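**Student:** Input: one structure, supplied below.
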Amino acid sequence: MNTSYKFQGWLGLDPSSAKGNMQWKEYEPKTWEETDVDIKVTHCGICGSDLHTLRSGWAPTIYPCCVGHEIVGTAVRVGSKVERNIKVGDRVGVGAQSGSCLKPECEECASGMENHCPNMVGTYNGKYADGSKSYGGYSDYCRAPSHFVVRIPSSIPSEEAAPMLCGGITTFAPLKKNGCGPGKKVGIVGVGGLGHFGILYAKALGAASVTAISRTSAKKEDAMQLGADGYIATNDDADWSTHHARSLDLIVSTVSSPNMPLEGYLQLLRTNGQFIQVGAPEDKLPAFNVFPLIGKGVKIGGSAIGAPREIEEMLALTAEKGIRPWVQKRALGEANKAIVDMDEGRARYRYVLVNEAHAKM
């Protein structure tokens, strides 16, 4: 079926695109299936993953690549076999995942852990089973399988909902899965695009206390405004890990530096505490002494985005609690400048691209 719209967006053609050299071009979306939804993109958050992918930081990228996996817009074409009763005109979103095998014999898909499926397909820089490519939200339109498309609650503004679909769920999911709630003392490493969501959701889930952990005290005031109860500046106190030893039950680390003081973070945990890594560095994590694990029964784990049902749960909590992330709107036409600013750490705390053709700034 021919459509009246074109699939076009900002394409990275080689690793230099991460330096603000994306080009606006037309591309061929995934092959249409009756389980798909075409979304007229109004908003798309800028995620650190976009930069890693544009520069082939994690692995060689499949160029050309249109990044952006925090997508909100309007459903303009809906297949006859879509899930979640999505209709043309609905405000919907898609996060970092737009495919998995969904086979009943797949342990992950069958148990609601589609984000861990061995055949997971990213919303961009991925390939579907038929060989067609996935393209993201720095674009006018996005096509995605309806299983991974969610409806956005009416009370959440589009520019705030967009970064929740990756940045928000990346912190919400490990907090929820690992017992964040009443009585738990939680630490969030990194006060940034991910970390500020971590503070918001830890408080919303009822943590007894939330401690923000950063290199300097530069973001202390912001962290407190977001709801943090305490703050640790690791560069400003040579003995921070001793002064705050055994003070936390759960740490979610959003930083992606191979030089982070991992051993010190582990000292902050109480007996049977958990350290969950969500930031994904392009290099390896630093070496650490194993005795904090053995002596206190501490566990180290990781978490990747979240399944569709978890995204829906997060959005429901966001609407119920009135959670308001800190976002700054940027014009889609200025995406090249916006990703450079993001890479230089200027976002406070999440840039969201607004498609000027489809939404008001």
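**Student:** If you take the residues of the stretch 117-140 that are surrounded by 24 or more Cβ atoms within 10 Å (Cβ to Cβ) and among the aromatic types (Phe, Trp, Tyr), which of them is farthest from Pro60 (Cα to Cα)?
**Tutor:** Tyr138
**Student:** Taking helices (runs of 4 or more DSSP H) that fall entirely within the stretch 229-334, which contain at least 3 residues that are out of contact with any Gly (no Cβ under 6 Å at 6 or more places or on another chain), loosely packed, with under 13 Cβ neighbours inside 10 Å and not assigned by TED's automatic domain parsing to the domain that holds Arg215?
**Tutor:** none
**Student:** Could you check how many residues of the stretch 263-306 are over 30 Å from Glu114 (Cβ atoms), in contact (Cβ under 8 Å) with a residue 60 or more places away in the chain and charged (D, E, K, R)?
**Tutor:** Residues meeting the conditions: 1.
**Student:** Looking at the stretch 110-213, what helices (runs of 4 or more DSSP H) fall wholly within it and have at least 3 residues that are in contact with a Leu (Cβ under 9 Å, 6 or more places away or on another chain)?
**Tutor:** 169-177, 195-204
**Student:** Ok, one more. Any idea which of Val88, Val72, Val67 is in the same structural domain as Ser16 (by TED's automatic domain parsing) and in a strand (DSSP E or B)?
**Tutor:** None of the other options fit; the residue is Val72.
**Student:** Could you list, in sequence order, the residues of the stretch 335-361 that are closer than 18 Å to Gln23 by Cα, of a type outside the set (Lys, Arg) and loosely packed, with under 13 Cβ neighbours inside 10 Å?
**Tutor:** Ala357
**Student:** Mind telling me which of the residues Glu114, Glu160, Glu108 ends up being within 27 Å of Pro60 (Cα to Cα) and surrounded by fewer than 23 Cβ atoms within 10 Å (Cβ to Cβ)?
**Tutor:** Step by step, each of Glu114, Glu160, Glu108 is checked, and only Glu108 is within 27 Å of Pro60 (Cα to Cα) and surrounded by fewer than 23 Cβ atoms within 10 Å (Cβ to Cβ).
**Student:** Give me the pairs, please: first residue somewhere in the stretch 113-132 and β-branched (Val, Ile, Thr), second residue anywhere and surrounded by fewer than 16 Cβ atoms within 10 Å (Cβ to Cβ), beta-carbon distance under 8 Å, and either six or more positions apart or on two chains.
**Tutor:** Going by the 8 Å Cβ cut-off, the qualifying pairs are Val121/Lys127.
**Student:** With touching a strand residue (DSSP E or B) at 6+ places or on another chain (Cβ under 8 Å), of a type outside the set (Ser, Thr, Tyr) and within 28 Å of Ser247 (Cα to Cα) as the only criterion, which of Gly306, Gly301, Gly295 stands out?
**Tutor:** Gly301
**Student:** Can you tell me which residue in the stretch 1-56 is farthest from Pro163 (Cα to Cα), limited to those that are hydrophobic (A, V, I, L, M, F, W, C), part of a loop (DSSP other than H, G, I, E, B) and touching a Lys or Arg at 6+ places or on another chain (Cβ under 8 Å)?
**Tutor:** Top of the filtered list is Trp32.
**Student:** I would also like to ask the following. Out of everything in the stretch 85-105 that is surrounded by 13 or more Cβ atoms within 10 Å (Cβ to Cβ) and either out of contact with any strand residue (DSSP E or B) (no Cβ under 8 Å at 6 or more places or on another chain) or of a type in the set (Ser, Thr, Tyr) (or both), what residue ends up being nearest to Gly167 (Cα to Cα)?
**Tutor:** Among them, the one singled out is Ser98.
**Student:** So, in the stretch 16-41, exactly how many residues are surrounded by 24 or more Cβ atoms within 10 Å (Cβ to Cβ) and closer than 23 Å to Lys87 by Cβ?
**Tutor:** Residues flagged as surrounded by 24 or more Cβ atoms within 10 Å (Cβ to Cβ) and closer than 23 Å to Lys87 by Cβ within the stretch 16-41 amount to 3.
**Student:** Please go through the stretch 42-80 and give me each residue that is surrounded by fewer than 24 Cβ atoms within 10 Å (Cβ to Cβ), under 24 Å from His358 (Cα atoms) and charged (D, E, K, R), ordered by number.
**Tutor:** Arg77
The values are calculated or read from the model by the stated rules, or taken from the named source; none is laboratory data. This one's a predicted model, so the numbers in the text were calculated from it and none came from an experiment. For neighbour counting, all protein chains shown are included, and Cβ atoms are generated from backbone atoms with ideal geometry for every residue, glycine included.
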